[in-house]
Amino acid sequence: MIRILKKSVADKIAAGEVIDRPLSIVKELVENSIDAGASSITIEIQKGGKSYIRVTDDGCGISAEEAELAFQRHATSKITTDKDLQHIDTLGFRGEALASITAVSRTELLTKTREEKVGTKLVVEGSQVAQKIAAGCPDGTTIIVRDLFYNTPARLKFMKSDATESRFIIDFVSQVALAYTEIKIRLVNNKNMLFTTQGKGDRYKNIITIYSKDIGEGLIPLNEEQEDIRLEGYISDPGKTRPTRKNQIFFINGRVVHSKVIEKGIDQAYSDKLFEGRHPVAFLFLHTDPANLDVNIHPNKREVRFHDEVIITQLVKNTIRNALQTKDSIPAMKQESVYSLKQDYNKPQEIQKKEAQVDIKKLLSGLREEQELPNLKPVAMQEEVSPFEPEKKKIKPLPQTVPLPPKPFDFDQLTITGAIFGTYITAIDETCFYLIDQHAAHERVFFEQLVSQYKQQETARQSLLTPVIFHVSYSVAEDRYSWLDALNQMGFTIEAFGPKTYIIKEMPVFLDIKEGEQFVQDFIDNMEDNINLESFPALEKIITRACKSAVKANDYLSQEEIQHLINDLKSCENPFSCPHGRPTFIKMTRYEIEKMFSRV
Ligand code: ADP
Ligand code: MG
């Protein structure tokens, strides 16, 4: 039943302008359709929504008696008392949207409840009811909004171009389609159908339909439950990153939100895996008891406050970290590149051979140079769960298809088969073939060992028979207390040997002398002015940089050295990328190989 909220309740609602552009109208109307229990919603816009917006749903409809009331300020069927504000489980609750929309446009409502024989048509212009008649129509509600801001020319001027306004709307509807996979969502722009989702609960399919195959293929599924919070969705491998956060979309109980708290969790999870300024793709869906949240802090409800922010950041971080440990997170070799070897089938053999070599080399070395990595495997695991029962569940929306949490990668199943180009180790397990970048792997191992020695303050040192001597500048010598301590804590014993000369007497056991010497040099070179090495992130950054050059490239490792490296990698916290975010592993499944040889 729609009622006008008591003033005392209305006053507690974060007030403000709801309607500032066509997007806000689409948002309010679509949210109303979702709240009305629709299983199908069609959104149609023209000229960026400035001239025409139509939203049609098959939800519960509004009865003839209540139709006019729905357009009044603070008229809502969703809450009654201020206590209801503490556990909002609908998208709307202010009872303001329809009133605000009719104030600035010509609005038409066509609606019918299941119980009624005929529906109602209501025309409202600038808040005045212009027409109310009985009308034949299907169950559900259609709202048409024409000539937005026709009576407020100032706001008309603030709108952007049609293309920009429609982009806002398309982005929003795309996000809704991801969150509400059980609703069939259709979007029509200037009479062109942009997309229709199936409404069968398959989120992964919706991502591919709405975003791109490319984005879809780089995704790793997540699914984690902790007390009354559930986090699921998809994130990209560290190899598939973007320069902005545009492809990070968060939903909390079905609401698209901005959330610094979630962003922080993501950043922490990827902290040592990404180059600065790069961001993973993330579609994250958080479901929690509405009592854990405050959605009533901003008029457009885009901001949500968690009562316990630390729990959320931790959950996001840990869930992503676990997902990044799985086999799914190893980038796959790009089939297209391998296919290219066979395309020139008809060329003379020598040319073919030459090109094939160049091609493979390019493919492999390119992986290290370029940031964009080959496609990941599409996520194959999907599991049906029981259908969503609206009466019982408070938390919404519950998607009907939830990815299975992937299994962790098992290093013990790896068999080393050799090494190529003095750079890449080759290995297999039951289902995949892997190339492991020896240099990246070494960097990862050194990095984690140095950090762990530093943290534990108990170091395994080896004494050098011939101590290594090195020289620094006066200013660096002046600053020696900061770096001497840090290096000492990592397992180097360094002593002054003159005003700017030092000797390394001991170094960590896992480094050979050349590596240790290079590391110390680079560590010192990478110190910036005024750097505070007592701050761990600052220290970590320098270790990261110094590890890079400490490791030898193009070095033919013996069988034992390879095995040793793989064992060390296995004990790493983040074995699948070097500290700079490049992958250590890429894989190709046996199935893909067989497909390329046309065996399957
Ligand atoms: P709110 O969504 O905050 O309650 P609105 O102004 O958006 O406020 O809508 C007012 C009321 O109109 C809603 O509470 C609901 O009862 C009714 N209503 C609006 N849109 C629809 C719809 N598409 N289907 C059924 N009822 C609707
Ligand atoms: Mg509403």
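The table for this structure:
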read-out: Filter pass, Val26 being away from ligand 1 (no atom under 11 Å from the Cβ), surrounded by 21 or more Cβ atoms within 10 Å (Cβ to Cβ) and either within 29 Å of the chain's Cα centre (by Cα) or not in a loop (DSSP other than H, G, I, E, B) (or both); value: yes
read-out: Any chance Asn253 is free of Cβ contacts under 8 Å to residues at least 12 places away in the same chain and either touching a Pro at 6+ places or on another chain (Cβ under 8 Å) or more than 26 Å from His307 (Cα to Cα) (or both); value: no
read-out: Among residues of the stretch 46-74, those that are of a type outside the set (A, V, I, L, M, F, W, C), more than 9 Å from ligand 1 (Cβ to nearest atom) and in a loop (DSSP other than H, G, I, E, B), counted; value: 5
read-out: Residue within the stretch 75-89 that is more than 10 Å from ligand 1 (Cβ to nearest atom), of a type outside the set (Phe, Trp, Tyr) and part of a strand (DSSP E or B) present; value: no
read-out: Residues of the stretch 81-94 classified as basic (Lys, Arg) and at pLDDT below 80, total; value: 1
read-out: Test for Leu98: is it within 11 Å of ligand 1 (Cβ to nearest atom), under 15 Å from Ile143 (Cβ atoms), out of contact with any Pro (no Cβ under 6 Å at 6 or more places or on another chain) and touching a residue at least 40 places away in the same chain (Cβ under 8 Å); value: yes
read-out: When residues of the stretch 228-245 are limited to those that are part of a loop (DSSP other than H, G, I, E, B) and at pLDDT below 85, the one farthest from Ala332 (Cα to Cα); value: Thr244
read-out: Test: residue in the stretch 189-212 that is in a loop (DSSP other than H, G, I, E, B) and of a type in the set (A, V, I, L, M, F, W, C); value: no
read-out: Leading residue by the ranking (surrounded by the fewest Cβ atoms within 10 Å (Cβ to Cβ)) among those in the stretch 50-92 that are within 19 Å of Asp20 (Cα to Cα) and within 15 Å of ligand 2 (Cβ to nearest atom); value: Arg73
read-out: Hey, Thr42 assigned to a strand (DSSP E or B), in contact (Cβ under 8 Å) with a residue 12 or more places away in the chain and under 23 Å from Ile170 (Cα atoms) or not; value: yes
read-out: Filter pass, Gly119 being modelled with pLDDT of 95 or more, touching a Pro at 6+ places or on another chain (Cβ under 6 Å) and either more than 16 Å from ligand 2 (Cβ to nearest atom) or within 25 Å of Phe168 (Cα to Cα) (or both); value: no
read-out: Qualifying residue in the stretch 144-159 (condition: surrounded by fewer than 18 Cβ atoms within 10 Å (Cβ to Cβ) and among the small types (Gly, Ala, Ser)); value: yes
read-out: From the options Ala103, Ala163, Ala179, Ala97, residue that is modelled with pLDDT under 95, within 16 Å of ligand 2 (Cβ to nearest atom) and closer than 30 Å to Ile210 by Cα; value: Ala97
read-out: The listed residue being closer than 28 Å to Pro467 by Cα and within 37 Å of the chain's Cα centre (by Cα), out of Leu557, Leu569, Leu565; value: Leu565
read-out: Candidates Glu534, Glu495 - the one that is out of contact with any helix residue (DSSP H, G or I) (no Cβ under 7 Å at 6 or more places or on another chain), under 30 Å from Lys273 (Cβ atoms) and outside any helix (DSSP H, G or I); value: Glu534
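For every residue, the table says whether it meets (1) surrounded by fewer than 21 Cβ atoms within 10 Å (Cβ to Cβ); (2) modelled with pLDDT of 90 or more; (3) assigned to a helix (DSSP H, G or I).
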site	(1), (2), (3)
Val379	yes, no, no
Pro390	yes, no, no
Pro405	yes, no, no
Ile416	yes, yes, no
Ile425	no, yes, no
Phe447	no, yes, yes
Gln453	yes, no, yes
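The values are calculated or read from the model by the stated rules, or taken from the named source; none is laboratory data. Computed from a predicted model, the values in this text were never measured in an experiment. Every residue, glycine among them, receives a Cβ derived from its backbone with ideal geometry; neighbour counts consider all protein chains shown.
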